[in-house]
Amino acid sequence: MRDSGLQVKEKPLTFSAMHSVEIPALMAALRWRYATKSFDADQKIPQDVFDALLDALVLAPSSFGIQPWKFIVVQDPALRAELQPASWNQPQVTEASHFVVLAARETVAAAQVDAWIAHIAKVRGVPEASLADYRGRMTGFLAAMDDGQKFAWASRQTYIALGQLMTSAALLAVDACPMEGISPPAYDQILGLVGSGYRTVVACALGYRSADDKYALVPKSRFERTQVVEYR
């Protein structure tokens, strides 16, 4: 079909209470999840489920919406075996169905701001000039930081994505283990990230718990709400 030249805007998606997760189901999923120590290497996450988890990562919120991250799905068994010694030899790296490395931008420059503004304008069907104030606030915020501070900021954004991934996994009955016990510099070397503009921040193993993982039966330990929540 030939392009008529007319812009057709898609109707926005709606979300109503009838599609929401019931509170008991949410609480059950969050109480069910734990940092899985032993995965069943024979159980693989179905492709449609893993695609949904990747979409959850893509949809994760970030400051200014700029998404200063990259998610590396490590599929090659040889690469995963190479990453294991750089992960305190934790078995999750090689046993889990899927292994995702979350990396953050080393810095956020004007080029990334321009690309983001251009993308917003395209998606919303508005001129870039209409986003001038937004661009100004973003560039002003970033100009106040050096590269080290920008990487620290981008790393914090990456943890927001990790949280969304883990909650989504729990709701889909997929086990997960966030992994900070890794050597980011070694990961960067192994995954070819050196010089790419991205650096490893954290990793997450995903799959299904092994029947002999004793930690699956350990009661979840958390402080009471009154100890960690304040009202002012």
Query raised in the report: For residues in the range 187-225 being part of a helix (DSSP H, G or I) and charged (D, E, K, R), which is farthest from K150 (Cα to Cα)?
Result: K214
Query raised in the report: In the range 28-48, which residue that is crowded, with 17+ Cβ neighbours inside 10 Å and among the aliphatic types (A, V, I, L, M) is nearest to E95 (Cα to Cα)?
Result: I45
Report summary line: Checked the range 91-114 for anything under 14 Å from the mean Cα position of the chain (by Cα), closer than 29 Å to M145 by Cα and not β-branched (V, I, T); matches are L102, A103, A104, R105
Query raised in the report: Are any of the residues in the range 170-186 in a loop (DSSP other than H, G, I, E, B) and surrounded by 19 or more Cβ atoms within 10 Å (Cβ to Cβ)?
Result: yes
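Results for (1) acidic (D, E); (2) touching a helix residue (DSSP H, G or I) at 6+ places or on another chain (Cβ under 7 Å); (3) under 23 Å from V201 (Cα atoms), shown as yes or no for each residue.
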{"residue": "F71", "(1), (2), (3)": "no, yes, yes"}
{"residue": "V74", "(1), (2), (3)": "no, yes, yes"}
{"residue": "A81", "(1), (2), (3)": "no, yes, yes"}
{"residue": "V101", "(1), (2), (3)": "no, yes, yes"}
{"residue": "Q112", "(1), (2), (3)": "no, no, yes"}
{"residue": "G140", "(1), (2), (3)": "no, no, no"}
{"residue": "F151", "(1), (2), (3)": "no, no, yes"}
{"residue": "R156", "(1), (2), (3)": "no, no, yes"}
Requested in this report: Among residues belonging to the range 98-139 that are among the small types (G, A, S) and buried (at least 16 other Cβ atoms within 10 Å of the Cβ), point out the one that is nearest to G192 (Cα to Cα).
Outcome: A103
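Values quoted throughout were computed directly from the atomic coordinates according to the rules given, and no laboratory measurement underlies them. Just so it is clear, the model here is predicted, and its values are computed rather than measured. FYI the Cβ positions are ideal-geometry reconstructions off the backbone, even for glycines, and counts take in every protein chain you see.
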